[in-house]
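**Q** Supplied in structure tokens, the structure appears directly below.
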Amino acid sequence: MKASHARPDPALKTIGLIAGMSWESSQLYYRLINQGVQQRLGGLHSARMLIYSVDFAPIEKLQHLGDWDSCAEILVDAARRLEAGGADFFLIATNTMHRVADVVAAAVDIPLLHIADATAQVLAAQGVQRAGLLGTAFTMELDFYRDRIEQGGVEVIVPELHDRQMVHDIIYQELCLGKIDADSREVYLAIIDRLRAQRIDGVILGCTEIGMLIDASHTDIPLYDTTAIHAAQAVARALED
């Protein structure tokens, strides 16, 4: 039997993904998006996707130097490459680098699907009023992310300073390297318990690697995994009329 050479369905939009920050979570995006499309369309369907994966090491150094302008330049270049390649819209596959999302979005004509907006929509739909936030120190402490969530009517609660540092260090020193440590999981769960004392309705996993370490099987408080939420929103946008 001859293979089919039918053209791709024009209704299936091409997703652009700026990846590599870290590649450990980027592979989750690839799997979740393709699974989402296959579940919606069935058969052998998968996502139409362009991926530009950056080298994370220099970006991580720039982050900790506070040189966000140079970070933005790297991502602007990536977004332009995706646009030139034919992406209909794009995602930045990391929470922290949404610190420069507005600059990157303004540099191209295709829309950016913002991870905080996608998360805020889910929180609002589920009636969450107060949510704990775990992520890098940049995401927890700077206002670029919290403000975006709070604009959706959700009060964001972050851990105390010492807990924030532990969350941050585990992300960069373990999760971004693919290291999953049971002791680190217990650290995160203890921090979540301390957040619960502040009467939160759930916890935002505001770093795309955290879902590698903890999930709903580890705690009874609702967890909002931004990687899964972002990927689901990408699938919905790719399939919308």
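The values are calculated or read from the model by the stated rules, or taken from the named source; none is laboratory data. Since we're looking at a predicted model, the values are computed, not measured. Cβ placement follows ideal geometry from the backbone for every residue including glycine, while neighbour counts extend to all protein chains displayed. Accessible surface is based on the protein model in full, side chains and every heavy atom, while ligands, DNA and RNA are left aside. Shrake-Rupley method; radii C 1.70, N 1.55, O 1.52, S 1.80 Å.
**Q** Taking the solvent-accessible surface of protein heavy atoms with a 1.4 Å probe, what is the per residue accessible area of the chain in Å²? All intermediate terms of the calculation are to be shown ahead of the outcome.
**A** On the way: 11590 Å² over 241 residues.
For the chain, the solvent-accessible area averages 48 Å² per residue.
**Q** Hey, any idea what the orientation-averaged projected area of the convex hull of the chain's Cα atoms comes to, in nm²? Present the calculation step by step, with values, prior to reporting the outcome.
**A** Values: hull surface 56.7 nm².
Spelled out: convex hull of the Cα atoms, projected over all directions, averaged, 14.2 nm².
**Q** Hey, could you get me the Stokes-Einstein D for region 159-233, Kirkwood radius over alpha-carbon pairs, 20 °C and 1.002 mPa s, rounded to whole µm² s⁻¹? Intermediate results must be reported in sequence, preceding the final value.
**A** Values: Rh = 12.7 Å.
Roughly 169 µm²/s, to the nearest whole number.
**Q** Any idea how far the Cα center of region 60-74 sits from the one of region 162-241, in Å?
**A** 24 Å
**Q** If you take the beta carbon distance between Asp193 and Gln129 as r and set R0 to 25 Å, what does 1/(1 + (r/R0)^6) give as a FRET efficiency, to the nearest 0.05? Numbers along the way, then the final one.
**A** Details: r = 20 Å, r/R0 = 0.78.
So the FRET efficiency works out to roughly 0.80.
**Q** Based solely on its DSSP helices, what 222 nm [θ] is calculated for the chain when runs of n ≥ 4 H residues each add -39,500 (n - 2.57) and the sum is averaged over all residues, nearest 500 deg cm²/dmol?
**A** Numbers: 10 runs with 119 residues, N = 241.
Rounded to the nearest 500, it is -15500 deg cm²/dmol.
**Q** Taking every eigenvalue of the Cα gyration tensor of region 71-113, multiplying by 5 and rooting it, what semi-axes result, largest first, whole Å?
**A** For region 71-113, the semi-axes come out at 15, 10, 9 Å.
**Q** Here's another thing I want to ask about it. If exposed trypsin sites (Lys or Arg not before Pro) are those in a DSSP loop with at most 12 other Cβ within 10 Å, what is the longest stretch of the chain that has none? Mind showing how you got there, number by number?
**A** Numbers: sites that count: Lys2, Arg199.
So the longest stretch without any such site is 3-198.
**Q** So, R0 is 35 Å and r is the distance between the beta-carbons of Asp169 and Asp109; what FRET efficiency does that work out to, to 0.05? Please list the in-between numbers first.
**A** Details: r = 39 Å, r/R0 = 1.11.
Efficiency, from the Cβ-Cβ distance: 0.35.
**Q** Express the Stokes-Einstein translational diffusion coefficient of region 167-210 in µm² s⁻¹, to the nearest whole number, given a Kirkwood radius over alpha-carbon pairs, 20 °C and a viscosity of 1.002 mPa s.
**A** On the way: Rh = 11.2 Å.
In µm²/s, the coefficient rounds to 192.
**Q** Relative to the present Cα-Cα distance, how much length would full extension add between Arg80 and His45 at 0.36 nm per residue of separation?
**A** Details: separation 35, 0.36 × 35 = 12.60 nm, distance 2.70 nm.
Contour length minus Cα-Cα distance gives 9.9 nm.
**Q** Normalising by the residue count of the chain, find the relative contact order in percent from Cα pairs under 8 Å and 6+ residues apart. Show your work: numbers first, answer last.
**A** On the way: 390 pairs, mean separation 56.7, N = 241.
Relative contact order comes out at 24 percent.
**Q** With viscosity set to 1.306 mPa s and temperature to 10 °C, compute the Stokes-Einstein D of region 101-241, Rh being the Kirkwood radius across alpha carbon pairs; µm²/s, no decimals. Before the final figure, lay out the partial values.
**A** Details: Rh = 15.6 Å.
In µm²/s, the coefficient is 102.
**Q** Once you have the Cα-Cα distance between Glu60 and Gln38, take 0.36 nm times their residue separation minus that, and quote the gain in nm to one decimal.
**A** Working: separation 22, 0.36 × 22 = 7.92 nm, distance 3.39 nm.
Extra length from Glu60 to Gln38 when fully extended: 4.5 nm.
**Q** Sticking with this structure for a sec: State the percentage of accessible surface on region 1-155 attributable to carbon and sulfur atoms; use a 1.4 Å probe and exclude ligands, DNA and RNA.
**A** On the way: 3800 of 7760 Å².
Solvent-exposed carbon and sulfur of region 1-155 make up 49 percent of the total.
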